[in-house]
Amino acid sequence: MSFRPSLTPIPRRSPCTSFVIASQWPVQRRLLSSGPTIRPPLPWPRLGEDLPNLGEPNVNPFTRWVVIPIQRRLTEGLSGAFARSAYGPSYFEREILLGTSVAFLSFVSRFSQWTLSAPSSTPRTEIESQIRPLLSRTLHATLARQVDRLHPNTRVRLTVLSTHDAQLDSIDALFGDDLHLSVPPRLSRISGALRVYDVGPLHYLFRWLHLGFVYTREDIQDGSRSSWDLSSEAMAKGAVIRARVRVDATVVMDVFELDEEGQELPSIEDGDGGVDVEAAKVLEKLRVFTHVQRQDFYVVLESPHLTVQDAEMRGGVKAGNWRIADIDDIVEADNYARYKRREERE
């Protein structure tokens, strides 16, 4: 016997479809009004919410509606040509979509185990070490900060009921040394559609729509070399590919409020493949919030560093170990928020 509420099929509407199942409503309302611990308890998933604000380019209307769309098509064409030359034209039409769906399911499962474990416990440490290889260093650090801010008595369970579709949204290519894979880029300047990031003490990452270039600070400050020369040099060093995939999925978020810090959620399995009814009743009493949502999730996969020789293999590059670099823009949103706070202080 199950004490989970029964779920009916969720129709697809635009932009998203959601409903909330109330469990112990008086407790739920009290917790919802007490602050961000419950809704939303984490930076991800933002069920039923729009993608975070990353700031619009401060440009005139002609540039915004005419020039930038043309530049966007041009930069994505260049990044896509490099990526498809290395992995083959069909890779981004089939394999990357299937791989992203599998990565999304694996990420949600392990992230849920992470947020269900007690703070500072051995299980949480073990689970965090298991999820780390799936993520970029920056995404892992962003999620870890937010998980650590959860109330010690709060547990969050995420479940993917189903994935319905996956579509390629865009392809980016970041040319130059692969320093940003090990050193988190720090947004330091925005000029129109150009964003400049500090990458450690010696390098910059210039991102222009779907293209990025890693330059040394010395070259930029010296000013004796043209941007064309610097960009050509960066392209000769190869690139990291970023594929942004839109995953249409239905996700359930359950929030539990425990009575004591360090308490573990009871397991409803009875050891014989059945359900422990009494444990299920206890679990139901601890659950204070459930949200079921079908919506688009934007997953950014990041490739290993590719050389120019890789790009000349015409589809001969093996898939390698792609990692999730961002999901629903939470990394970029965190970077942008930090940039805005520094700008306000200055």
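Values for this structure:
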{"item": "Count of residues meeting criterion [closer than 17 Å to residue 197 by Cα and open to solvent by less than 50 Å² (accessible area, probe 1.4 Å)] in region 209-241", "result": "14"}
{"item": "Test: residue in region 114-127 that is within 28 Å of residue 178 (Cα to Cα) and in contact with a helix residue (DSSP H, G or I) (Cβ under 9 Å, 6 or more places away or on another chain)", "result": "yes"}
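Rundown of residues vs (1) modelled with pLDDT under 75; (2) surrounded by 13 or more Cβ atoms within 10 Å (Cβ to Cβ), yes/no style:
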residue: 276; (1), (2): yes, yes
residue: 282; (1), (2): no, yes
residue: 288; (1), (2): no, yes
residue: 301; (1), (2): no, yes
residue: 313; (1), (2): yes, yes
residue: 320; (1), (2): yes, no
residue: 325; (1), (2): no, yes
residue: 329; (1), (2): no, yes
residue: 341; (1), (2): no, no
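The values are calculated or read from the model by the stated rules, or taken from the named source; none is laboratory data. Everything quoted here is computed from the prediction, not taken from an experiment. Note: ideal-geometry Cβ built from the backbone for every residue, glycine included; neighbour counts use all protein chains shown. When the accessible area is computed, the model is the full protein with side chains, heavy atoms only, and any ligands, DNA or RNA have been set aside. Shrake-Rupley method; radii C 1.70, N 1.55, O 1.52, S 1.80 Å.
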